[in-house]
1. Within segment 43-84, can you find the residues that are outside any helix (DSSP H, G or I), surrounded by 24 or more Cβ atoms within 10 Å (Cβ to Cβ) and touching a Lys or Arg at 6+ places or on another chain (Cβ under 8 Å)?
2. Just to be sure, is residue 2 more than 16 Å from ligand 3 (Cβ to nearest atom), more than 13 Å from the chain's Cα centre (by Cα) and at pLDDT below 95?
3. Condition (residue is open to solvent by less than 10 Å² (accessible area, probe 1.4 Å) and either without any contact (Cβ under 8 Å) to a residue 60 or more places away in the chain or more than 12 Å from the chain's Cα centre (by Cα) (or both)) applied to segment 17-25: is it met by at least one residue?
4. Quick check on my filter: what residues within segment 150-179 are open to solvent by 40 Å² or more (accessible area, probe 1.4 Å) and more than 29 Å from residue 128 (Cα to Cα)?
5. Can you tell me which residue in segment 92-129 is farthest from ligand 3 (Cβ to nearest atom), limited to those that are over 19 Å from residue 147 (Cα atoms) and of a type in the set (Asp, Glu)?
6. For segment 148-181: of the residues being free of Cβ contacts under 8 Å to residues at least 60 places away in the same chain and touching a Gly at 6+ places or on another chain (Cβ under 9 Å), which is nearest to residue 117 (Cα to Cα)?
7. Residues in segment 98-111: is at least one closer than 19 Å to residue 135 by Cα, within 16 Å of ligand 2 (Cβ to nearest atom), in contact with a strand residue (DSSP E or B) (Cβ under 8 Å, 6 or more places away or on another chain) and among the aliphatic types (A, V, I, L, M)?
8. Residue under question is residue 117, and the condition is that it be open to solvent by 50 Å² or more (accessible area, probe 1.4 Å), under 28 Å from residue 22 (Cβ atoms) and either more than 15 Å from ligand 1 (Cβ to nearest atom) or over 15 Å from the mean Cα position of the chain (by Cα) (or both); does it hold?
Amino acid sequence: MTEALWTAVDEYIIRMLVPPDPVLDAALDASDAAGLPAIQVTPNQGKLLHLLARLQGTRRILEIGTLGGYSTIWLARALPEDGLLITLEADPRHAEVARANISRAGLDAMVDLRVGRALETLPRITAGNGGAFDLIFIDADKQSIPEYFRFARKLSSRGSLIIVDNVIRDGRVIDAASPDPDILGIRRFNEMLATEPGVCATAIQTVGAKGHDGFAIVLVTI
Ligand code: SAH
Ligand code: DHB
Ligand code: MG
């Protein structure tokens, strides 16, 4: 089993089930042209996020890590007209590209993009008036996943779904001696999750065009 085969199978799935979409394709082209790293979710993963958001009947989404807004568009498209998606991005260059992509998608009214390091912008977000977020997608720097999860718990309520990307990292997650801050963050998150009250969680490893990685899914039950 090679990455070439995983990629070919991803291409097959995408060809069969994720038809070309001018707005999403333009977002990828613009991100590429601007020199953004191509680390967004794959089209079939983007559609999974969209499906989960629809299953959830989501009205309020929080995303940590916007990049060029590719996953943002997939998620926001699952919202009702009066829905809201807040997305957090540290890099102003990424945010600028994302803004144009979100605008081209006609999602300006629904998407609130906030520029700054998430640990600084998160404290200003409250479950407040509109209620808790019913879907939270954590996909920024990996060393801070435990802190992002802490915020996600505060900003969620019973029935909310928290999805955490990149929790396997080529299997390096099982290396207890790894000095890599990303791996340390992911492992600290797993330890936290293992004893977290009021959640039901699992993690799934994936192979595909982005190599061997995976995501965690957490349902808030209390
Ligand atoms: N969710 C996107 C991919 C995000 S890539 C998609 O699938 O389309 C991770 C992003 O997180 C990058 O754009 C990076 O600049 C951003 N990021 C890294 N550290 C951050 C931080 N501390 N706060 C907010 N964003 C951060
Ligand atoms: C990286 C970040 C991601 O969110 C991802 O899905 C893949 C890779 C990275 O920083 O390398
Ligand atoms: Mg990711």
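The values are calculated or read from the model by the stated rules, or taken from the named source; none is laboratory data. It should be emphasised that the depicted structure is a prediction, and the values quoted were computed from it without experimental measurement. For neighbour counting, all protein chains shown are included, and Cβ atoms are generated from backbone atoms with ideal geometry for every residue, glycine included. We work out accessible area using only protein heavy atoms, side chains counted, and drop any ligands, DNA or RNA first. Shrake-Rupley method; radii C 1.70, N 1.55, O 1.52, S 1.80 Å.
1. 69
2. Yes, satisfied.
3. Yes, segment 17-25 has at least one match.
4. 169, 170, 172, 174, 175, 176, 177, 179, listed by residue number.
5. So the residue we want is 108.
6. It comes out as 166.
7. Checked segment 98-111: no residue is closer than 19 Å to residue 135 by Cα, within 16 Å of ligand 2 (Cβ to nearest atom), in contact with a strand residue (DSSP E or B) (Cβ under 8 Å, 6 or more places away or on another chain) and among the aliphatic types (A, V, I, L, M).
8. So residue 117 fails the test.
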